[in-house]
Amino acid sequence: MLLGAIGGHAAPMSVKRCERVMQDSRALLPPGHDGAAGHRGFVAERLHAPDDAVAAFFARAAIEPAGIEHVTLEAAPGRVLAHDARALEDHPSHPRSTMDGYAVRSSDGAGRRRIVGEVFMGSPPPCAVGSAEAVRVPTGGAVPSGADAVVPQEDVDVLEPGWIVLRGAVAAGESITQRADDVREGETVLRAGRRIGGPELGVLATLGIASVPVFARPRIAILSTGDELVDPGVVPATGQVRDSNRYAIAGALAALGAHPVQIARSADTEDALRAALRDALERCDAVFSSGGSSVGDRDLVPRIVAELGAPGPIVHGLRVKPGKPTLLAAIGRKPIVGLPGNPASSLMILEAVVRPIVAALCGERPCETITLSAVATATFEGRAGWTWYVPVRLRRSGDELEAEPLAIRSSQTSLLARASGYVTVDDRSGTRRAGQRVNVRLFSSGGAPIEAP
Ligand code: AMP
Ligand code: MG
């Protein structure tokens, strides 16, 4: 049974974001774009700023966690609270001493007190404290009624057995934690949508909340596409490459709190891709594919997704670097994210653009992006009208962090492994030069550790 009250379901995570949409999201697909093969490349002016793209996605796709389950506190780390947690009791439930010492009445001032009892940990006080009396009390012990202060033992003299002498007067409330000082009955201590870690578990356990409702972890299918791909254990023939994206994407999704589900790789044929996407949609709450998301003849993902149902493709093509050939789509309530095939692009788009979609699937409450302020060691180049995600290597220099921009090479797999995070360069930030400050967002897994000087 729950001692604490758990109530107040999380608001659908998509609502707030939908309000941000300023335009009909249908306009985000280039006119004439029906996912058909033979479309002749992205038209730069019709590519979409990432914020608008994500807002359009949430406006068209009603994204919700797959369900709610109850778990014990042992199974709760990393999960997302599905209902508010409210305190049904005060904590502490009685005044407690913060010192080893003697509970006394402050109004008696300095001087002699007769010791009339002793409080033991885990037990109620044996007696009250009267005028000119003292009760010995340990740190954390319950303060007896009648006492309004605790004198630390180092502030008293023991001149004869059974008596103490206070060297000075003690103020009311001194060395006492009052009832409800920590949490008050009725207070909402954790809101729905909060990811549960150490601090959250501590407060839940303290309030007697032994099991909690959490959102089901979203099962996200990972689907690699490409005739050239082979498994990591295989030596690639000329023209083949090892399928790194499926592992990179799985790692990032796991760090974001989702449950990655590996789907058999798809060849670059319509039939194979259709079958793979259908299988993935059936088994999972969302599908993240990589490769085949651009506008060439072999880029089948947008076309096949368009066949599978409504709303289908919502945004195709972002005005970003890396990661322009990105598809945001949904079939019913299930998102389909078509990530680019290039390894640095797919992972960067997942981190920088798609993260709120994963958070919404997890049931997390939308929150501010946390960044570290660092000093640029070289120019962070951008391009007017575009959003560039520049990977950075961080190092400490005295009291400062220094951010070294790494050249954006979409096809590299080592690029993001060498970076701790990235800096967003757009029209708002402008180009940042050496010596200027940049805001660095760390990768979901923490990225490359910051080098010590
Ligand atoms: P695509 O977007 O399918 O044209 O792929 C662009 C580039 O990314 C090609 O060089 C692919 O070989 C590479 N690529 C696609 N999928 C993967 C993957 N799963 N792992 C590693 N590289 C990939
Ligand atoms: Mg491909």
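Highest mean first, how do 48-59, 84-95, 367-378 rank when packing is the count of other Cβ atoms within 10 Å averaged over residues?
Working: 48-59: 22.7, 84-95: 18.0, 367-378: 13.9.
With the highest mean Cβ count within 10 Å placed first, the list reads 48-59, 84-95, 367-378.
Expected output is a single nm value to one decimal: the length gained when fully extending between residue 163 and residue 71, i.e. 0.36 nm times separation in residues minus the C-alpha distance. What is it?
Length gained, residue 163 through residue 71: 27.9 nm.
When the alpha carbon gyration tensor of the range 134-283 is reduced to an equivalent ellipsoid, the three semi-axes, largest first, read 67, 19, 10 Å. So if the hydrodynamic radius of the range 89-218 is defined as the Kirkwood radius over C-alpha pairs, what does Stokes-Einstein give as its diffusion coefficient at 25 °C and 0.890 mPa s, in µm² per second? The calculation lands on 150 µm²/s. Solvent exposure of the chain amounts to 45 Å² per residue of accessible area, where only protein heavy atoms count and the probe is 1.4 Å. Its residue count N fixes a reference of 2.2 N^0.38 Å for the range 308-378, and the Cα radius of gyration divided by that reference is 1.30.
Each semi-axis of the equivalent ellipsoid for the range 127-202 is √(5λ) with λ an eigenvalue of the Cα gyration tensor; in descending order they amount to 37, 13, 10 Å. Here the range 262-313 is treated as a Stokes sphere of Kirkwood radius computed over C-alpha pairs; at 37 °C and 0.692 mPa s its diffusion coefficient rounds to 293 µm²/s. Dimensions of the range 200-337 from C-alpha coordinates, computed as largest minus smallest value along each principal axis and given longest first, are 60, 39, 31 Å.
The fraction of Cα-Cα pairs per 5 angstrom bin, counted from 0 for the range 219-283, comes to 4, 18, 24, 22, 19, 10, 3, 0 percent, rounded to whole percents. Taking every DSSP beta bridge that has both ends in the chain, the antiparallel portion is near 70%. Ordering 164-170, 187-193 by mean Cβ neighbour count within 10 Å, with the highest value first, yields 187-193, 164-170.
The share of alpha-carbon pairs in the range 404-453 lying farther apart than 16 Å comes to 48%.
Whole-Hz Karplus values for the range 233-247 come out as x, 9, 7, x, 6, 4, x, 8, 9, 6, 6, 8, 4, 4, 7 Hz, taken residue by residue from phi with 6.51 cos²θ - 1.76 cosθ + 1.60 and θ = phi - 60°; glycine and proline positions read x.
Here is the tail figure for the chain: Cα pairs spaced more than 38 Å apart come to 42 percent of all pairs. For residue 149, the residues 5 or more places off, or on other chains, whose built amide H falls under 5 Å of its own are 104, 106, 173. Dividing the Cα radius of gyration of the range 387-426 by its Kirkwood radius returns 1.01 for Rg/Rh. Note on the range 261-400: along the principal axes its Cα atoms extend 57, 35, 28 Å, ordered by decreasing extent. Give the carbon-plus-sulfur fraction of the accessible surface of the range 121-207 in %, rounded to a whole number; probe 1.4 Å, heavy atoms of protein chains only. Summing carbon and sulfur atoms, their accessible area is 50 percent of the total for the range 121-207. Annotation: residue 206 carries an accessible surface of approximately 60 Å², with a 1.4 Å probe and no ligand, DNA or RNA atoms counted. Here the accessible area is traced with a 1.4 Å probe on the protein chains. For the range 208-348, carbon and sulfur cover 52 percent of it.
With N counted as the residues of the range 330-453, its alpha-carbon radius of gyration over 2.2 N^0.38 Å works out to 1.11.
The values are calculated or read from the model by the stated rules, or taken from the named source; none is laboratory data. All values reported here derive from a predicted model rather than from experimental measurement. Glycine gets a Cβ as well: all are built from the backbone with ideal geometry, and neighbour counts include every protein chain shown. The protein model used for the area step is the full one, side chains on, heavy atoms only, and it has no ligands, DNA or RNA in it. Shrake-Rupley method; radii C 1.70, N 1.55, O 1.52, S 1.80 Å.
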